[in-house]
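Everything below concerns the one structure shown next.
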Amino acid sequence: MQYDLLLRHAHLHRRADLVDIAVKDGMFAAVAPDLAQATAVRELDVEGCLVVPPFIDAHVHLDAVLTVGQPRYNTTGTLLEGIQIWSERKPSLTHEDVKQRALEAIRWEVAQGTLYIRSHVDVCDPNLTALRALLEVREEVRDICELQLVAFPQDGILSFPNGRELMRTAMELGCDLVGGIPHYEWTRDMGVEDVHYAFALAQEFQRDIDCHCDETDDPHSRFTEVMAADTLTYGWQGRVTASHCTAMHSYDNAYAFKLLRLLARAQVNVVANPFDNVVLQGRFDTYPKRRGIARVKELLAAGVNVALGHDSIMDPWFPLGRGDMLAAAQLALFLCHMSGYEEMSEVLDLITSNAAKVLRVQDRYGIDEGKPADFLVLDAPSAFEALRLIPARLHVFKDGREVATTLPAKSIVRRAAALDGQVVHFRR
Ligand SMILES: [Zn+2]
């Protein structure tokens, strides 16, 4: 058998021995400890490097990326000032402006191995400028990156003029998912109605749901339970994601225990966003300051599927970032106390297999014979080392074609005999 591509000596996540991976016609054709007899057009010896399916960014805002400082920088650093600055920037959005920034951010993400992105798009705009631009982007990048778009009501469904109609129009234009923002509506009752509306719209259009939910430190913000209850009512199990859920950090343990069980029962996914969560939450605290991130470790233990998003890349809420999901995973490891040896393996799942469940792409995701040959080669041998080093993504493949390459950086220390002038590998 002549393959198109043979990867030699690859480490797979949670597998001790090395394997060879064969690709034919854009699909994984064989994954085995030794394909010594096989030949291929291209052979790549990865020398024990970790090979994983593509990273997934389960939550980002591509309409806002790379706008930091426009029209002004966030001086308090808070979520609310961020929303204010965004509302000042929104009137100047143009089709080309949104497209160029989104394409640039996608380029950053793909270069670092993220080939699936779920982006929320602010639809609180009578012209839906950002949405129309991102619908085009979704098609233009299809060869290298699968983009899912969520109709996201940044200023509320009930608290914004024509909020309901804008959500409906967004779905008619071709959004993949229905969003919501219950904790931001003016009243508790309106928040509950926000969730109900999202579910009714999702059923009408037969779409999945991903709401920003309880993104606050307020322990009385309890809309995630409404999402779980509606999921059971509508029979939408596995199709619903609650994003952020930072209030969960501040719930008393008795309530959190009840909620975790309910989320598991309803098979609601939770997406945490370590960069934005830790920067934006805890802002009303003096000391001690809360970390303000969902209870990732406890959710996983309760059987809830959890994934991560980058959320912001240089926007009014989070000025930094370079679209690296591995860096987001490392931060989650710190914030959620997941530094136990086995827990570190689970952290890699948050940006790979767990996230594939959130995006519901499991049928075509993973390094298995018969699936599309989408994968990346990390310049590290294991999840442990990947999370420690945040290494270069040496090769990124989609459908068996190389879509990005990175050369690892090289450091050399000189002028001290004891330190010998060789390349530093950061290895023990
Ligand atoms: Zn968000």
Practice task
Would you pull out the residues with amide H under 5 Å of Arg207's amide H, same chain only if 5 or more places away, H placed 1.01 Å from N?
Solution key: none
Completion exercise
Per DSSP, the loop-located trypsin sites (Lys or Arg not before Pro) within region 388-417 having at most 13 other beta carbons within 10 Å are Lys410, Arg414, Arg415
Completion exercise
Calc'd 3J(HN,Hα), region 44-61, phi into Karplus 6.51 cos²θ - 1.76 cosθ + 1.60 (θ = phi - 60°), Hz, glycine/Pro = x, comes to 10, 8, 8, 6, x, 5, 6, 10, 10, x, x, 5, 10, 9, 7, 6, 8, 10
Handout entry: Mean projection area, nm², convex hull over Cα of region 170-294
Key = 7.8 nm²
Completion exercise
Pseudo-spin-label distance Glu204 to Arg261, built 7 Å along Cα→Cβ, given in nm, is 3.6 nm
Problem - Diffusion coefficient, µm² s⁻¹, Stokes-Einstein with Kirkwood Rh over alpha-carbon pairs of the chain at 10 °C and 1.306 mPa s - result: 71 µm²/s
Exercise for the section: Quick one: check the C-alpha center-to-center distance for region 345-404 versus region 7-59, whole angstrom. Expected result: 11 Å
Completion exercise
Here the net charge surrounding Leu35, from other residues whose Cβ is less than 13 Å away from its Cβ (Lys, Arg +1; Asp, Glu -1), is -3
Fill in the blank from the handout: Here the residues of region 370-389 lying in the modelled label zone of Phe426, meaning backbone nitrogen under 13 Å from a point 7 Å along Cα-to-Cβ, are 379-381, 385-389
Practice task
Could you pull out which residues in region 258-287 have an amide N less than 19 Å from a spot 7 Å beyond the Cα of Tyr73, following the Cα-Cβ vector?
Solution key: 276, 279-280
Problem - Modelled FRET efficiency - R0 51 Å, Gln100 with Thr233, Cβ distances, 0.05 increments - result: 0.75
Completion exercise
Between Glu43 and residues 5 or more places away or on another chain, the pairs with built amide H atoms under 5 Å apart involve Leu6
Problem - For the chain, built as a Gaussian network whose Cα springs stay under 10 Å, the top-fluctuating residue of Ser119, Ser411, Ser353 - result: Ser411
Handout entry: Exposed chymotrypsin sites (Phe, Trp or Tyr not before Pro) absent: longest stretch of the chain, with sites in DSSP loops and at most 16 other Cβ within 10 Å deemed exposed
Key = 285-425
Problem - FRET efficiency, 1/(1 + (r/R0)^6) with R0 56 Å, evaluated for Ala418 and Glu140 via beta carbons - result: 0.55
Handout entry: Other-chain or far-sequence residues with amide H under 5 Å of Asp379's (modelled H)
Key = Ala392, Leu394
Completion exercise
A correct Karplus calculation of ³J(HN,Hα) over region 339-344, with 6.51 cos²θ - 1.76 cosθ + 1.60, θ = phi - 60°, whole Hz and x for Gly and Pro, returns 8, x, 4, 5, 4, 5
Practice task
Run the numbers on the chain and let me know its relative contact order in percent, using alpha-carbon pairs under 8 Å that are six or more apart.
Solution key: 18 percent
Handout entry: Contour minus Cα-Cα distance for Asp368 and Ala409 (0.36 nm per residue)
Key = 11.6 nm
Exercise for the section: Would you list, by chain and number, the aspartates and glutamates whose Cα falls below 13 Å from the Cα of Lys99, excluding same-chain residues fewer than 8 positions away? Expected result: Asp63, Glu136, Glu139, Glu140
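Computed from the coordinates by the stated procedures, all read-outs in this text should not be read as laboratory data. Since this is a predicted model, take the numbers as computed values, not measurements. Neighbour counts are summed over all protein chains in view; Cβ atoms, including those assigned to glycine, are modelled from backbone coordinates with ideal geometry.
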